[in-house]
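What follows is one structure encoded as structure tokens, with my remarks underneath.
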Amino acid sequence: LFSLYLYVVAESGGQVLLQRGGMLRFLDLALAACFLRGNGFYIVLVSMIAVALVYRRHWRRWLAWFVPFLLLVQIVLGPVYAALGLTRLGGVESAALPLQQVARAVKNGAPLTEEQTAVIESFMPVEAMKETYVSASSDPLKTHPDFDRDAFDANFPRFIGLWGQLFLTNKQVYLDAWLLQTLGYWKVDFHGWTALTSEYEESTGIAQHDVWRGAFGLDSRAYYGNRTTFLSLSLMAYI
């Protein structure tokens, strides 16, 4: 919904945000994105920067709305969450795409300086990164036994610096990594893991349960899976 509203903003040339109702709708959706996605804040931050740059004629108005909003969200995600004992997702959950792009560059043999190698080695052996990378998902990297999440979070600014450095010489590799990881969202005839649901139990004790099976003795996943093979995530997105 936030992405669709960005389209509305672009279609109106930014004029919709000059209306109080339009701005409040934009901020409502931005708020939902911030709290319903692990990397939502960064998506909203980049989007707001883009709006301020593209429609810079009204930059003072944008700053008057965006800066207090972003500060308020950070206060809630930081001190308020900490006071309530809520743990945020680590930096790696917010950096799945940059991690994929760096891993693809490394797998493709991008030359690394000693400093760049040290940044990667601080949270994962370079060779393990090469062997573990798969185009469809960053999960194999994040769940690898040699991947140190605490070290990644601690070295997050250095990692982003490394990501920026490698971008300069791996633009096509980065583009490919993004397209391949998001394949299920734009290729209509693609049916992969992104469009499937699975039943599993995590260490937190949270589990998925098929309510239909308990009520009607019907496996809802199998029932719908056999009858909706023509559907895909990307088709739903286009519709």
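The values are calculated or read from the model by the stated rules, or taken from the named source; none is laboratory data. Please read these numbers as outputs of a predicted model, since none were measured by experiment. Heads up, the Cβs are rebuilt from the backbone with ideal geometry, glycines too, and the neighbour counts pull from every protein chain shown. Calculation scope for accessible area: heavy atoms of the full protein, side chains included, ligands and nucleic acids excluded. Shrake-Rupley method; radii C 1.70, N 1.55, O 1.52, S 1.80 Å.
What the table shows:
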item: Single match in L29, L24 (criterion: open to solvent by 60 Å² or more (accessible area, probe 1.4 Å), assigned to a helix (DSSP H, G or I) and at pLDDT 95 or above); result: L24
item: Any hit, the range 61-83, residues being free of Cβ contacts under 8 Å to residues at least 12 places away in the same chain and not in a helix (DSSP H, G or I); result: no
item: Conditions (1) at pLDDT 75 or above; (2) out of contact with any Asp or Glu (no Cβ under 6 Å at 6 or more places or on another chain); (3) charged (D, E, K, R): number failed by R213; result: (2)
item: Residue among L45, L4, L36 that is within 17 Å of the chain's Cα centre (by Cα) and surrounded by 16 or more Cβ atoms within 10 Å (Cβ to Cβ); result: L45
item: Single residue of the range 11-28 satisfying the filter (without any contact (Cβ under 8 Å) to a residue 12 or more places away in the chain and of a type in the set (D, E, K, R)) that is farthest from F69 (Cα to Cα); result: E11
item: Failed criterion for F159 (all others in (1) aromatic (F, W, Y); (2) under 13 Å from Q100 (Cα atoms); (3) over 17 Å from the mean Cα position of the chain (by Cα) hold); result: (3)
item: Residue in the range 151-173 that is open to solvent by less than 50 Å² (accessible area, probe 1.4 Å), free of Cβ contacts under 8 Å to residues at least 24 places away in the same chain and part of a helix (DSSP H, G or I) present; result: yes
item: Residue match in the range 22-33 (condition: among the small types (G, A, S), in contact with a helix residue (DSSP H, G or I) (Cβ under 7 Å, 6 or more places away or on another chain) and over 26 Å from F156 (Cα atoms)); result: yes
item: Exclusive hit being over 20 Å from V173 (Cα atoms), part of a helix (DSSP H, G or I) and not acidic (D, E), set V102, V51; result: V51
item: All positions within the range 114-141 that are closer than 17 Å to N155 by Cα, hydroxyl-bearing (S, T, Y) and not in a helix (DSSP H, G or I); result: S122
item: Filtered residue count, the range 129-138, keeping only those that are crowded, with 17+ Cβ neighbours inside 10 Å and either in contact with a strand residue (DSSP E or B) (Cβ under 7 Å, 6 or more places away or on another chain) or aliphatic (A, V, I, L, M) (or both); result: 1
item: Evaluation of A222 against (1) surrounded by fewer than 15 Cβ atoms within 10 Å (Cβ to Cβ); (2) of a type in the set (A, V, I, L, M, F, W, C); (3) modelled with pLDDT of 80 or more (one fails), failing number; result: (3)
item: Residues satisfying the stated conditions in the range 84-99, i.e. assigned to a helix (DSSP H, G or I) and among the β-branched types (V, I, T); result: V92
item: Output for the range 51-98, where each listed residue is within 14 Å of F41 (Cβ to Cβ) and open to solvent by 80 Å² or more (accessible area, probe 1.4 Å); result: L71, L72, I75, R88, L89
item: All positions within the range 92-105 that are among the β-branched types (V, I, T) and at pLDDT 95 or above; result: V102
